[in-house]
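This report refers to the structure that appears directly beneath it.
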Amino acid sequence: MTDVLEADSYALWIRRTLARARAAGGGRIVPLFDSSVPEPADLLTATLARAFAPPVTDRYVSAFSGGNPHVVAHLRRRYGVASEQLLCTTGATAALSMLYRALLRPGQRIAVETPGFDLFGGIAALHGIAADTFQRPAPDFALDLDRLAAAIRPATRMVVVSNLHNPSSAAIPHDQLLALAQLAEDHDLLVVVDEVYGDYADAATRPCAAVSLSPRFVTISSLTKIYGLSTLRCGWIVGDADVVARVRALADRFEFGVSNLAHAAAALVMDDAAAFTARTHQVLDTARPIAEAAFARWQADGWIEGALPRFGCVAFPRLVGIEDTAAFAEWLGDRCGVVVAPGEYFGAPGHVRIGFAQPPALLAVGLDAMEDGLRHWHSDPHRRIARG
């Protein structure tokens, strides 16, 4: 357990990087590591000001037993399921932890994608559950069911994937999800599909949530990515009623419920979802051309491999000739004030995750600074030697 708790992680790396930048007293940090749209503070503030002026909104109710009923009602309509198939949580990461604790026991195994979110395996390890990996190879990061099948062992009880993929924003096609459901049926597995980025995809690419395709699928999601509202800590689990009942039993014993205030705010956001999604699309519609132009220049110069993804707000290019991307990211932050997420923390050294859902001026500054950093890195003979 000590080794797991002391192991490095992406979250620790971000905290160290930001702390070092603040201690250095430099200028503005451009957070190209961000994996969501910026928090819509003005829109959220206006929503809460209206709702909590007297008389206080009826969305502000106890969420201790069963979650906020208005959030549950929104999710029932969204997923077309009964309340028994839903459990509200304090975010998608908490949802994943609860699934592991309720459905698995030490000595059992899971299969997780790589590159992928490091907490998929990290949280499992905390509970004595070993994680085997299967590759989603660059540059497309497609889900390869043959690779997944090869990773399944006799003790494997669960598969964890993301759709859209974190860190690349690649989508899993509908027919592949159906094939994945059949594989899960053949091997008597549950498949947890992290869909926090799923709403960035259009309806043709992602016609429905995974949970609607098979009782073998469990969907987890939250308001964090599509709305940029991590501050509300509102997530959920959607699955077969028997599966959710097992998780709810654990939650009733060991959890103290979600925040009444935060999930009342979440209900208000869901009431006015169109305004929040419009704001998200506005951010992306202005940011995407800026990011596409930068990627095109970097590809032409031979600095990166991998195009900007069709959907989502993050990309995961390979930096040509730079294998130690953790060192590069640290150097870039110190030199240029731009923080990107190194691929080492997603299981793919040589790549970086770039979040491009930023206001146009800030994004342009960040990408220009990164371009300057790439130019200097590639023109420095010492760097060339260091890369081998």
field: Hits in region 1-59 (condition: within 20 Å of Thr224 (Cα to Cα), part of a helix (DSSP H, G or I) and modelled with pLDDT of 95 or more)
entry: Ala41, Asp42, Leu43, Leu44, Thr45, Ala46, Thr47, Leu48
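So, in region 348-372, of the ones that are surrounded by 20 or more Cβ atoms within 10 Å (Cβ to Cβ) and not hydrophobic (A, V, I, L, M, F, W, C), which residue ends up farthest from Leu32 (Cα to Cα)? Full working, then the answer.
Of region 348-372, the ones surrounded by 20 or more Cβ atoms within 10 Å (Cβ to Cβ) are 348, 351-358, 363, 366-367, 370.
Those still in the list that are not hydrophobic (A, V, I, L, M, F, W, C) too: 351, 353, 355, 358, 366.
Values: His351: 14, Arg353: 8, Gly355: 5, Gln358: 8, Gly366: 7 Å.
Among those that are surrounded by 20 or more Cβ atoms within 10 Å (Cβ to Cβ) and not hydrophobic (A, V, I, L, M, F, W, C), it is His351.
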- request: Give Ala267, Ala341 a once-over and let me know the one that is more than 30 Å from Glu84 (Cβ to Cβ), at pLDDT 95 or above, of a type in the set (A, V, I, L, M, F, W, C) and crowded, with 23+ Cβ neighbours inside 10 Å.
  value: Ala341
task: Name every residue in region 161-187 that is within 18 Å of the chain's Cα centre (by Cα), among the small types (Gly, Ala, Ser) and not in a strand (DSSP E or B), in order of residue number.
output: Ser168, Ser169, Ala170, Ala171
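Say we look at region 112-163 and pick out the residues that are of a type in the set (Lys, Arg) and over 28 Å from Leu308 (Cα atoms); which of these is surrounded by the fewest Cβ atoms within 10 Å (Cβ to Cβ)?
To start, the set of residues in region 112-163 that are of a type in the set (Lys, Arg) comprises 136, 147, 153, 157.
Those still in the list that are over 28 Å from Leu308 (Cα atoms) too: 153, 157.
Numbers: Arg153: 13, Arg157: 18.
So, considering only residues that are of a type in the set (Lys, Arg) and over 28 Å from Leu308 (Cα atoms), the one surrounded by the fewest Cβ atoms within 10 Å (Cβ to Cβ) is Arg153.
Condition (residue is without any contact (Cβ under 8 Å) to a residue 40 or more places away in the chain, on the phi > 0 side of the Ramachandran plot and of a type outside the set (Ser, Thr, Tyr)) applied to region 151-169: is it met by at least one residue? Quick ask: steps written out before the conclusion?
Here is the first cut: in region 151-169, the residues without any contact (Cβ under 8 Å) to a residue 40 or more places away in the chain are 154.
Imposing the further condition that a residue be on the phi > 0 side of the Ramachandran plot reduces the set to none.
No, that holds for no residue.
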Enumeration of residues in region 288-312 that are assigned to a helix (DSSP H, G or I) and surrounded by 22 or more Cβ atoms within 10 Å (Cβ to Cβ): Ala291
- prompt: Under 9 Å by Cβ, and 6 or more places apart or on different chains, what pairs join a residue from region 298-310 that is of a type in the set (A, V, I, L, M) with one that is in a loop (DSSP other than H, G, I, E, B)?
  reply: Ile304/Pro317; Ile304/Val320; Ala307/Pro139; Ala307/Pro317; Leu308/Ser169; Leu308/Pro317; Leu308/Phe356
query: Between a first residue in region 241-256 that is modelled with pLDDT of 95 or more and a second residue that is among the basic types (Lys, Arg), which pairs have beta carbons less than 7 Å apart while being 6 or more apart in sequence or on different chains?
result: Leu250/Arg101
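Whether any residue in region 228-240 is of a type in the set (Phe, Trp, Tyr), in contact (Cβ under 8 Å) with a residue 24 or more places away in the chain and within 24 Å of Leu96 (Cβ to Cβ) is what I want to check. Break it down into steps so the answer makes sense when it comes.
Kept after step one, since they are of a type in the set (Phe, Trp, Tyr), are these residues of region 228-240: 236.
So of that shortlist, the ones also in contact (Cβ under 8 Å) with a residue 24 or more places away in the chain come out as 236.
Restricting the remaining residues to those that are within 24 Å of Leu96 (Cβ to Cβ) gives 236.
For region 228-240, residues of a type in the set (Phe, Trp, Tyr), in contact (Cβ under 8 Å) with a residue 24 or more places away in the chain and within 24 Å of Leu96 (Cβ to Cβ): present.
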message: Yes or no: region 313-322 includes at least one residue that is at pLDDT below 95 and not in a loop (DSSP other than H, G, I, E, B).
response: no
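Sort out which residues of region 73-101 are aliphatic (A, V, I, L, M), crowded, with 19+ Cβ neighbours inside 10 Å and in a helix (DSSP H, G or I), and write them in order of number. I'd like the intermediate steps shown before the answer.
First, the residues of region 73-101 that are aliphatic (A, V, I, L, M): 73, 75, 81-82, 86-87, 92, 94-96, 98-99.
Those still in the list that are crowded, with 19+ Cβ neighbours inside 10 Å too: 75, 81, 86-87, 92, 94-96, 98-99.
The answer is Leu75, Ala92, Ala94, Ala95, Leu96, Met98, Leu99.
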- prompt: Does Ala251 qualify as being part of a helix (DSSP H, G or I) and of a type in the set (Gly, Ala, Ser)?
  reply: yes
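Yes or no, residue by residue, for (1) free of Cβ contacts under 8 Å to residues at least 24 places away in the same chain; (2) in contact with a Cys (Cβ under 6 Å, 6 or more places away or on another chain); (3) over 25 Å from Val192 (Cβ atoms):
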residue	(1), (2), (3)
Ile14	no, no, no
Asp34	no, no, no
Arg50	yes, no, yes
Thr57	no, no, yes
His74	no, no, no
Gly80	no, no, no
Ala95	no, no, no
Arg101	no, no, no
- request: Take the residues in region 201-235 that are among the polar types (S, T, N, Q) and not in a loop (DSSP other than H, G, I, E, B), then tell me which one is farthest from Leu183 (Cα to Cα).
  value: Thr231
message: For region 259-289, give me each residue that is in contact with a strand residue (DSSP E or B) (Cβ under 9 Å, 6 or more places away or on another chain) and not small (Gly, Ala, Ser).
response: His263
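The values are calculated or read from the model by the stated rules, or taken from the named source; none is laboratory data. All of these numbers come straight from a predicted model, not from anything done at the bench. Don't worry about glycine lacking a Cβ; one is built from the backbone with ideal geometry, like all the others, and counts go over all protein chains shown.
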